[in-house]
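Here is the structure we will look at.
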Amino acid sequence: MEPSPNITIDAQESDPLPQLLTLSIDELVDRALADRPDLLAQAAAICAADSEIRAAKAEYGPRITFSGSAAQTSLWPAASFGHLGSASKPTWSATVQIEWRIFDGGARKHQLNAAESKHREAQNELADKEDNATREVWSAYIAFRTAIRKQQAAVALLESANTSHSASLDAYRYGVRNLVDVLTAEKQLALARLSIVAARSELFLQAVNLEFATGNLLRGTPPVTRPQAPGGRKP
């Protein structure tokens, strides 16, 4: 985008600040781990590794095969004085075959070890992904709580800067303070206003980050953050 066009930015000054959580940290972690696509895919990989282990263990047992067939045989007997007519007779056969490998040079053992190693690898990868997801939720949770404290500190700083600026301006009017003191107070007030704008923006950002870490942005479930009711009471 070209830098020249004017971009309208929504300051969200009228939007209430998200300062409360609707769920505990354990519930946030459970929501983040539920129906997560990468975890579901890893669980499927573990099931596939289990199937390979069962198949490798089955190779140690005998292999039994059964086959059978049935047919209808037609006969046309004959005699020296002429044909006697045709006759039909059912015929069938059944075969049972048992195969049991006694020695294979350790091939089945290596195959079983490889399947068990693949199963442990899949389990470790699942645990690692669950740990990463849990760590993401905890980091977002701590960042959100920290952003709340920063916003509260910024409000207190702005109140203090407003009081100091008003006091410096009144003292200057009565000749007690000089112009430098007033300008210094105005600078501190401007910094306090900048601090509260930054703290407000960071609080909104961390709230969205927490929604992202728990997967709410894809599920459409109720948000995990909410604003505080007027007067400091929980809604």
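Nothing in this text is a laboratory measurement; each read-out follows from the coordinates by a stated rule. Values in this document were obtained by computation on a predicted structure and should not be read as measured data. Virtual Cβ from ideal backbone geometry, glycine too; neighbours counted across all protein chains shown.
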Discussion item. Charges on Cβ only, +1 for Lys and Arg, -1 for Asp and Glu, centred on the Cα centroid of the chain; of A198, Y174, G68, which one is farthest towards the dipole's positive end?
Written reply: G68
Worksheet entry | Length-normalised contact order for the chain - Cα pairs under 8 Å, 6+ apart - percent | 30 percent
Worksheet item: In nanometres, what is the gap between the two model label sites at D26 and T8, each 7 Å from Cα along Cα-to-Cβ?
Response: 4.8 nm
Fill in: V155, V224 arranged by Cβ crowding within 10 Å, fewest neighbours leading
V155, V224
Practice prompt. Return an integer: the convex hull volume of the alpha-carbon atoms of segment 162-235, in Å³ per residue.
Written response: 97 Å³
Item to complete: Express in % the proportion of alpha carbon pairs of the chain at distances exceeding 34 Å.
Response: 59 percent
Discussion item. Pairs on different chains or at least eight residues apart, Cα atoms closer than 30 Å: how many lysine pairs in the chain fit?
Written reply: 7
Worksheet, complete the sentence: Length gained, S51-L191, 0.36 nm per residue minus C-alpha separation, equals 44.0 nm
Worksheet item: Which part of segment 42-61 falls in the paramagnetic zone of K109, meaning amide N under 17 Å from the point 7 Å along Cα-to-beta-carbon?
Response: 56-61
Worksheet item: Among L21, L33, L191, L28, which comes first, second and so on when ranked by fewest other beta-carbon atoms within 10 Å?
Response: L191, L33, L21, L28
Item to complete: Please give the contour-minus-distance gain from D15 to I64: 0.36 nm per residue of separation, less the Cα-Cα distance, rounded to one decimal in nm.
Response: 10.3 nm
Discussion item. Starting from the 7 Å offset along Cα-to-Cβ, what nm value, one decimal, do you get for the label separation of V176 and S139?
Written reply: 5.1 nm
Discussion item. Given the -39500 (n - 2.57) contribution per DSSP H run of 4+ residues, what per-residue ellipticity at 222 nm results for the chain, rounded to the nearest 500 deg cm²/dmol?
Written reply: -21000 deg cm²/dmol
